[in-house]
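Reviewing the structure listed below.
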Amino acid sequence: MKKRVAPVLIVICLILAVVITGGISLFITYRAPTRKMADLDSYYGLKEKGQAAFVINDVVSDAPGIYRDGEVYMPYASVQKLLDTNFYWDDRNQQMLLTLADGIRTIAPGDTAYATDTGAPALIGENGIYYLAVNYIQKFTDMDCDTYTDPVRAVIRTRWTDLKQVTVTKETAVRLKGGIKSKVLKKLKTGDSLTFLEALDNWTKVSTAEGFIGYVEKKSISGEESAPLRAENRSLYYPSILKDYKINLAWQQITTPDANASFPDIIANTSGLTTISPTWFKLADNEGTVSSIASKEYVDQAHGRGIEVWGLIDNFNKEVSTEELLADSAKRAGIIDQLLSIAAECGLDGINVDFEQLSEGSIPHFLQFLRELTIRAHENNLVVSVDNPVPQDYNMYYKRGTQGKIVDYVIIMGYDEHYSGSEQAGSVASLPFVEKGVKRTLEEVPAAKVINAIPFYTRVWTETFGQDMPSSEVLGMDGTDRYIEEHQMSREWDSKLGQNVAISEDDTARYTIWIEDEQSIEEKMKVIQNYGLAGVAEWRIGLERSTVWDIINRYNS
């Protein structure tokens, strides 16, 4: 009987051993990191042979390019959207324009007159799409670019501020997702440097120099530290005409030739003005005609008082399509010719471009207009400045950074926080609104080229009971004081908004004024001084009290 039991026990033990071994094996397999490599073509969104991927500032572009004759080509639409370049596609004439400080290069598709170092054409066209060689782009653009194969890709960086890095402390891998079962993008060795992107609980999102963006176990890397800072290549900027003093520019609204005679009276009680910008020029029609009420006598009077004149051109004619007009190379040139001719006749010192409510589609044409205008203006020693709305999430397509590399001064129109037609009553220019606009502009444009404009006006808001929308009317400083006195309103300082606020009610409505006065102007001037801006502008002269000029000068010297 004992002899029969022994074999049974042996069999049971063997079965248990197999089960335990299998369980341990399954457990080890479950816990072991996968070594499976990710499908890189799929990762980069490459669906066809001959395509090329782009990784720009640690983001994989969803628009692939092409690989031809050993060169990586990027679609022009991606160049225009993702890079800060001086390339512009002239659709009317089917050619690429490269506008440099010393002139304009005209590049035809397939023409090797402008080529890469390998002799391949800088520009090619396939199936109605135009592509620029990234190595040619790099020659004229402030960017780092490295190309790789298997799969073909270009890794591009155009931003270097606030970058952080980590170092691999033991062999590991970058994975598609956070988790040891996620497929591998790239194996890493001790000492490898990675760009830090985001910290999770046990994993860290990183980017490798070769353009792999994924996740690495936190225990396998060092803590993050600042990456070496790479300075901007300022040689790619257009040469600038920058003044060696703080700008104090006042806009004067002039709508008729006779109004030019008001110049002596309107500046009589001012002090510290360096520049005046009369609203003289308008886009009159869709052919590019510039209407002008410029006056040489006005300019001579300003020069006699040591004040420069920067004539303003606007696009406020609703019958004119700014986008269509600026898309035409001949019409752009015509506008510039007219402005420079008048500037020479009158002795102007600069041109102020005030094109407002620009659509996203018009921006490439607008930037090309600024390039062409600036080159021509600088030949005549004219300053070029451009007015921009306060940066908001919905208008970041204005490309202020590109503007700042072209023109001499970028002016923030630091007002219209609330405006005619706003759904809610509110300040024209509260202190947080102004400061946020300055800070966001400085993320793109150097302080030495930024001027912040302040309002000399405010709005009295009427919120009629039973109606959804408020109404408002514009008042200057003295007009505001008269309104407050007539309606027996009291002022109360709001330190958060940096303004006095006056409120009253009657049986029909509530009346509110966020007041622009000496106190509010001083708070805004502190912002301008604290951020080291190039100066201040004011909309508009004639609405102020003479007492504000001493305050402005105190902070703008």
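The values are calculated or read from the model by the stated rules, or taken from the named source; none is laboratory data. Being a predicted model, the structure only gives us computed values, none of them experimental. Neighbour counts run over all protein chains shown; Cβ positions are idealised from the backbone, glycine included.
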- Item | Residue within segment 146-161 that is polar (S, T, N, Q), touching a residue at least 60 places away in the same chain (Cβ under 8 Å), out of contact with any Gly (no Cβ under 6 Å at 6 or more places or on another chain) and crowded, with 16+ Cβ neighbours inside 10 Å present | yes
- Specify the residue that is farthest from residue 234 (Cα to Cα); the eligible residues are those in segment 159-170 that are at pLDDT 95 or above and in a loop (DSSP other than H, G, I, E, B). 170
- Is it the case that segment 259-272 has a residue that's charged (D, E, K, R) and not in a strand (DSSP E or B)? yes
- Residue list for segment 220-242, filter: without any contact (Cβ under 8 Å) to a residue 40 or more places away in the chain and charged (D, E, K, R): 234
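So that you can scan it fast, the table gives a plain yes or no per residue for (1) farther than 29 Å from residue 47 by Cβ; (2) of a type in the set (A, V, I, L, M, F, W, C):
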residue	(1), (2)
95	yes, no
100	yes, yes
104	yes, yes
114	yes, no
121	no, no
127	no, no
- Consider residue 124 carefully, then state whether it is part of a loop (DSSP other than H, G, I, E, B), more than 25 Å from residue 230 (Cα to Cα) and of a type outside the set (Ser, Thr, Tyr). no
- Which listed residue, of 229, 242, 283, is touching a helix residue (DSSP H, G or I) at 6+ places or on another chain (Cβ under 7 Å), surrounded by fewer than 20 Cβ atoms within 10 Å (Cβ to Cβ) and not charged (D, E, K, R): 242
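Here are some residues: 548, 527. Which one is aliphatic (A, V, I, L, M), in contact with a strand residue (DSSP E or B) (Cβ under 9 Å, 6 or more places away or on another chain) and under 15 Å from residue 429 (Cα atoms)?
Values: 548 fails: under 15 Å from residue 429 (Cα atoms).
The match here is 527.
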- Task: Could you please find all residues in segment 496-523 being touching an Asp or Glu at 6+ places or on another chain (Cβ under 6 Å) and either surrounded by 18 or more Cβ atoms within 10 Å (Cβ to Cβ) or without any contact (Cβ under 8 Å) to a residue 40 or more places away in the chain (or both)?
- Result: 498, 501
- Task: Look at residue 179 and say whether it is in contact (Cβ under 8 Å) with a residue 12 or more places away in the chain, surrounded by fewer than 17 Cβ atoms within 10 Å (Cβ to Cβ) and farther than 18 Å from residue 60 by Cβ.
- Result: yes
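Rundown of residues vs (1) part of a strand (DSSP E or B); (2) at pLDDT 95 or above, yes/no style:
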position	(1), (2)
99	yes, yes
106	yes, yes
109	no, yes
113	no, no
- Item | Neighbours by Cβ (under 6 Å, 6+ apart or cross-chain): first from segment 74-94, farther than 23 Å from residue 59 by Cβ; second surrounded by fewer than 17 Cβ atoms within 10 Å (Cβ to Cβ) and at pLDDT 95 or above | none
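Taking residue 138, is it part of a helix (DSSP H, G or I) and either among the polar types (S, T, N, Q) or in contact with a His (Cβ under 9 Å, 6 or more places away or on another chain) (or both)? Talk me through it step by step, then tell me what you get.
Values: part of a helix (DSSP H, G or I): yes; either among the polar types (S, T, N, Q) or in contact with a His (Cβ under 9 Å, 6 or more places away or on another chain) (or both): yes.
Against the criterion (part of a helix (DSSP H, G or I) and either among the polar types (S, T, N, Q) or in contact with a His (Cβ under 9 Å, 6 or more places away or on another chain) (or both)), residue 138 qualifies.
Among the residues of segment 317-324, are any over 29 Å from residue 260 (Cβ atoms), under 21 Å from the mean Cα position of the chain (by Cα) and in contact (Cβ under 8 Å) with a residue 12 or more places away in the chain? Full working, then the answer.
Here is the first cut: in segment 317-324, the ones over 29 Å from residue 260 (Cβ atoms) are 321, 323-324.
Imposing the further condition that a residue be under 21 Å from the mean Cα position of the chain (by Cα) reduces the set to 323.
Retained after the next criterion (residues that are in contact (Cβ under 8 Å) with a residue 12 or more places away in the chain): 323.
Yes: one or more hits.
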- Does segment 122-141 contain at least one residue that is buried (at least 20 other Cβ atoms within 10 Å of the Cβ) and more than 30 Å from residue 375 (Cα to Cα)? no
- Query: Given the conditions (1) modelled with pLDDT under 60; (2) within 29 Å of residue 163 (Cβ to Cβ), which single one is not true for residue 4?
  - Reply: (2)
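Somewhere in segment 425-433, is a residue over 27 Å from the mean Cα position of the chain (by Cα), assigned to a loop (DSSP other than H, G, I, E, B), modelled with pLDDT of 95 or more and assigned by TED's automatic domain parsing to the domain that holds residue 270?
Step one: filter segment 425-433 for residues over 27 Å from the mean Cα position of the chain (by Cα), giving 425.
When the remaining residues are screened for being assigned to a loop (DSSP other than H, G, I, E, B), the result is 425.
The next check asks that each one be modelled with pLDDT of 95 or more; those that pass are 425.
Filter once more, so that each one left must be assigned by TED's automatic domain parsing to the domain that holds residue 270: 425.
Scanning segment 425-433, I find at least one residue that is over 27 Å from the mean Cα position of the chain (by Cα), assigned to a loop (DSSP other than H, G, I, E, B), modelled with pLDDT of 95 or more and assigned by TED's automatic domain parsing to the domain that holds residue 270, so the answer is yes.
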- Do we have residue 438 as touching a Leu at 6+ places or on another chain (Cβ under 9 Å), assigned by TED's automatic domain parsing to the domain that holds residue 546 and not in a loop (DSSP other than H, G, I, E, B) here? yes
